[in-house]
Amino acid sequence: MAESALTVLVTGGTSGVGRALVETLAAKGCTVLTTSRDPDRLDPTDRVPGVRYLRLDLSDPEGPDTLAGPGGLGGEIGDIDVLVNNAGESQSGPFEELPAEAVDRLFRTNVFGPVRLSQLVLPGMRRRGFGRIIMVGSMLASFPLAHRSSYSASKAALRGFATAARQELSPFGVWISVVEPGSIATGIGSRRTKYLDEDSPYAADVSTMLEHLDANEQSGISPEKVAAVIVDAIVSPRPREFYAVGSRAPLPFLLARALPRGLMSKIVAAQHGLRR
Ligand SMILES: NC(=O)c1ccc[n+]([C@@H]2O[C@H](COP(=O)([O-])OP(=O)(O)OC[C@H]3O[C@@H](n4cnc5c(N)ncnc54)[C@H](OP(=O)(O)O)[C@@H]3O)[C@@H](O)[C@H]2O)c1
């Protein structure tokens, strides 16, 4: 299908990767829809011209169905050719101290919401024999990091759904891909939810890890670079199962094949200032 004929829904198009992607797709002439938890707060300079902004809070279990319901897209949900599940929460905290409610919210936002939204666009895609779903994961799913257990697990869960569902859907011309970015300079560090008990025995470790993480993100690749990889996946006649971009990919994946798992984990920890 010609790029300009595509109707694309990108979640979380108000900053970072989502914003860069929305700009790129709009410039290509696609019909672009995107989401924000609060589109009313956006002033005209926050909006990309020609792009439609819809309300979606993925942490609300009803969020995707409300978006697809009569007060949202209604029947138009069936017209979506491409869904990019980009919106996400970044969370940190020692495994022992993560509040259950925070982990629940993270999984609603990063896993259950994107899964439900994908289910809602699939009937239309299958009927037309064409569809693309991109799950924006994270390299932390492939290389988990201390004090990022919930986030690493949420992105690994999303990848599991996508990889299995791909095998169900490709016979219908619907391709699901995972894009795993490394560090991207989007300022996500300032929006990260952080959990740490008072007098936590992990405090020094967490602070070291966060310092390195934030420094890596600040010197990370541009969101436009990630957007370009997502566009490649969208326009490919046979999108790949998995794309990795940033943090010197594919090097870490090649190393992971060659080195023992334990050593690879030590390298990941060392890159974040942690000696293991
Ligand atoms: N930045 C990195 O280094 C990095 C690395 C690997 C993977 N990633 C992943 O890449 C994706 C984009 O990251 P980014 O750095 O571009 O993030 P970002 O700049 O913080 O943007 C996140 C977007 O998601 C939306 N959002 C946040 N919480 C939401 C919720 N509960 N429900 C619905 N929308 C929500 C925000 O919109 P509103 O605030 O308007 O609602 C915003 O548009 C995320 O999935 C992230 O996990 C990022």
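Divide by every residue of the chain the summed helix terms, -39500 (n - 2.57) for each DSSP H run of at least 4, and state the resulting mean residue ellipticity at 222 nm, rounded to the nearest 500 deg cm²/dmol.
My calculation for the chain gives -13000 deg cm²/dmol from helical runs alone.
Using 0.36 nm per residue of separation minus the Cα-Cα distance, give me the extension gain between Ala258 and Ala270 in nm, one decimal.
Value of the extension gain: 2.5 nm.
Counting Lys and Arg as +1 and Asp and Glu as -1, what is the net charge of the other residues whose Cβ lies under 14 Å from the Cβ of Glu168?
+1
With +1 on the Cβ of every Lys and Arg and -1 on the Cβ of every Asp and Glu, and nothing else charged, how large is the dipole of the chain about its Cα centre, in debye rounded to the nearest 20?
Roughly 1080 debye, rounded to the nearest 20.
So what J values fall out for the stretch 126-136 if you push phi through Karplus, 6.51 cos²θ - 1.76 cosθ + 1.60 with θ = phi - 60°, rounded to Hz, Gly and Pro as x?
4, 4, 7, x, 8, x, 9, 10, 10, 9, 8
Can you work out the FRET efficiency for the pair Ser200 and Asp46, with r the C-beta to C-beta distance and R0 = 30 Å, to the nearest 0.05?
0.25
Which FRET efficiency value, to the nearest 0.05, do you get for Thr208 and Phe130 by plugging their Cβ-Cβ distance into 1/(1 + (r/R0)^6) with R0 = 30 Å?
0.05
Note the per residue figure in Å³ for the convex hull of the C-alpha positions in the chain.
It is 129 Å³ per residue.
Just the number, please: carbon plus sulfur as a percent of the accessible area of the chain, 1.4 Å probe, no ligands or DNA/RNA counted.
53 percent
For the stretch 3-271, build the charge dipole from Cβ charges (+1 Lys, Arg; -1 Asp, Glu) around the Cα centre, then report which of Ala26, Ser149, Ile184 sits farthest towards its positive end.
Ala26
Counting only other residues whose beta carbon sits under 9 Å from that of Pro94, what net charge do I get with K and R as +1, D and E as -1?
-4
Applying the Karplus parametrisation 6.51 cos²θ - 1.76 cosθ + 1.60 with θ = phi - 60° to the phi angles of the stretch 173-184, what ³J(HN,Hα) value in whole Hz is obtained for each residue in order, glycine and proline being reported as x?
x, 10, 10, 9, 10, 10, 10, 9, x, x, 6, 10
Around Leu73, what is the net charge, scoring Lys/Arg as +1 and Asp/Glu as -1 over all other residues with Cβ under 13 Å from its Cβ?
So the environment of Leu73 carries a net charge of -1.
I'd like the Kirkwood hydrodynamic radius of the stretch 1-123, using the inverse of the mean 1/r over distinct C-alpha pairs, in Å.
15.1 Å
Heavy atoms of the protein only, probe of 1.4 Å, neighbouring chains included. What is the accessible area of Ser247 in Å², nearest 10?
Its accessible surface works out to 50 Å², give or take rounding.
The values are calculated or read from the model by the stated rules, or taken from the named source; none is laboratory data. Note that this is a predicted model, so its numbers are computed, not measured. As a convention, Cβ positions derive from the backbone with ideal geometry for all residues, glycine included, and neighbour counts pool all protein chains shown. Side chains are part of the model used for accessible areas, which takes the heavy atoms of the whole protein and leaves out ligands, DNA and RNA. Shrake-Rupley method; radii C 1.70, N 1.55, O 1.52, S 1.80 Å.
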